[in-house]
Structure formats: structure tokens, C-alpha cells
Amino acid sequence: MIVWLNGPFGGGKSTLAAELCRALPGAVVAAPEAIGDLLRSTLANHDPRPRDYQDLPPWRHMTSVFVTGLARYTGGPVIVPMTVLDPACATDLFTPLHQSEIGFHQLILHAEPDVLRERIDAGWEFPGDARRSEAVRAYCRRRMADYYAATGWMHAHGHVIDTSTLTAGQTLQAALAHLFHATP
């Protein structure tokens, strides 16, 4: 099973990924950012270079192949905490995952704007490093409007878990309930 955790930056995807990894035997967390970093360094002198690696068709293809290959290799669930806001990118990524025999679920972690802002403001991505942590918080705040602008198509194509009033444990239970009562 492949479980793609989508939603706003700073919305709890990494936290849920770690919890799912502990709860599901054999689960692994896949980090497609590493593929983006590889492409960035490879294309450093290539023009044009898009700002966001998700805009690169090779990233989309490589990520789909990586995730399905990882699921086949490990035999266990593959958890992918990655915000995808562009519907064309999502189509390129998720269509092959849906078509695989592995089973694909997209969970959208949603939070109301005030709750999300509070969570972002409380976040410390780099404990002990105030400057780097604030840079992450600032990025998450800047991208909030992008997430809310994308909720229409996102919510129509994934299972939404409104985390506005849920603890991390309750969010985990909601995710598990969906995964084990839904068909891929």
C-alpha cells in the first residue's frame, strides 16, 4: 500500500508519517525531496531551471517509479509526506500510483487557517536553531494561501482528515480507520 500524505506545509504530514510508520508493520517513509535535490544539482547549469522541482516532469516520473519500486521491494506500506498543490503535477504523479496493483491512498490533512497558523508558529523544524526554524515557519506561512486555493481539487481527489480539533493520536486513528475500511 502507498499512502500519500498531502496538505498544507506545516500541517502535520511528517508527524503522521512517523506515527503511521510505527503503527504499520514493515512501513517505510519515502522522501521525494531527495529526488528533487538530485535533479537540482544535476540541472544546476541547465536553462531553464524551474524554481520548484515538482515542475520538472522527470521528478514526477522518478518519484512515481521510486515509490512503487519501494513498495514492491519492501512489501510493506510506503508513506509519502509531500505537499502537491498543482493538479497537473498530481495527475502525473498519482495516475501511475492508482494504476499499480499495490493500492494507493491519498490522505489530505486539512486544518482551518487560524489553527494552521498557530501550528506553524509553534513549530521548530530545527530544535535549537531559531534562525533556520523561523525560515521554515515563514515559508509555511507564505504557502498557506496556495494550499487553500488548491483545496477544491485536492479535497475532491483524496480522503480529507480535518485535523483542526484533533490531536496527533486522533489523526493517526482517523488515518488508520480510513486505510483499513477503504478500498484503494
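The values are calculated or read from the model by the stated rules, or taken from the named source; none is laboratory data. Computed from a predicted model, the values in this text were never measured in an experiment. Methodologically, a virtual Cβ is constructed for each residue, glycine included, from the backbone with ideal geometry; neighbour enumeration extends over all protein chains shown. Areas reflect the complete protein model, heavy atoms only, side chains present, ligands, DNA and RNA absent. Shrake-Rupley method; radii C 1.70, N 1.55, O 1.52, S 1.80 Å.
Based on Cα contacts under 8 Å between residues 6+ apart, the chain shows a relative contact order of 33 percent. Would you mind checking which residues have amide H under 5 Å from Ile79's amide H? H placed 1.01 Å from N; only 5 or more apart, or other chain. Amide H neighbours of Ile79, under 5 Å, 5+ apart: Val3, Val28, Val29, Ala30.
Calculated accessible area for the chain comes out at 52 Å² per residue, all protein chains present (probe 1.4 Å; ligands, DNA, RNA ignored). Put the Cα centre of region 151-182 next to the Cα centre of region 1-58 and the gap is 19 Å. Within region 10-89, which trypsin sites (Lys or Arg not before Pro) sit in a loop by DSSP and count at most 12 neighbouring Cβ atoms inside 10 Å? Answer by residue number: Arg51.
Counting only DSSP H runs of at least 4 residues, each contributing -39500 (n - 2.57), and dividing by the residue count of the chain, the helix-based mean residue ellipticity at 222 nm comes to -18000 deg cm²/dmol. For the chain, a Gaussian network of Cα nodes joined below 10 Å ranks Gly11, Gly169, Gly103 by mean-square fluctuation, and the top entry is Gly169. Each residue of region 167-177 was assigned a 3J(HN,Hα) from its phi angle through the Karplus expression (A = 6.51, B = -1.76, C = 1.60, θ = phi - 60°), giving 7, 4, x, 5, 5, 4, 4, 5, 5, 4, 4 Hz with x at Gly and Pro.
Once fully extended, how much extra length lies between Arg49 and Arg117, figured as 0.36 nm per residue of separation less the alpha-carbon to alpha-carbon distance?
21.4 nm
Comparing mean-square fluctuations of Arg142, Arg117, Arg131 from a GNM of the chain with C-alpha springs under 10 Å, the top value falls on Arg131. Ranked from largest, the principal axis spans of the Cα set of the chain equal 46, 42, 33 Å. Residues whose amide H comes within less than 5 Å of that of Gly10, counting only those at least five positions distant or on another chain, are absent (H built at 1.01 Å from N in the peptide plane). Expressed as a whole percent, the accessible surface of the chain that belongs to carbon and sulfur atoms is 57, based on a 1.4 Å probe. Across region 95-104, rounded Karplus estimates of 3J(HN,Hα) from the backbone phi angles (6.51 cos²θ - 1.76 cosθ + 1.60, θ = phi - 60°) give 4, x, 5, 4, 7, 6, 7, 6, x, 10 Hz, Gly and Pro being marked x.
Using a cutoff of 8 angstrom between alpha carbon atoms and counting only pairs six or more residues apart, the relative contact order for region 67-161 works out to 35 percent.
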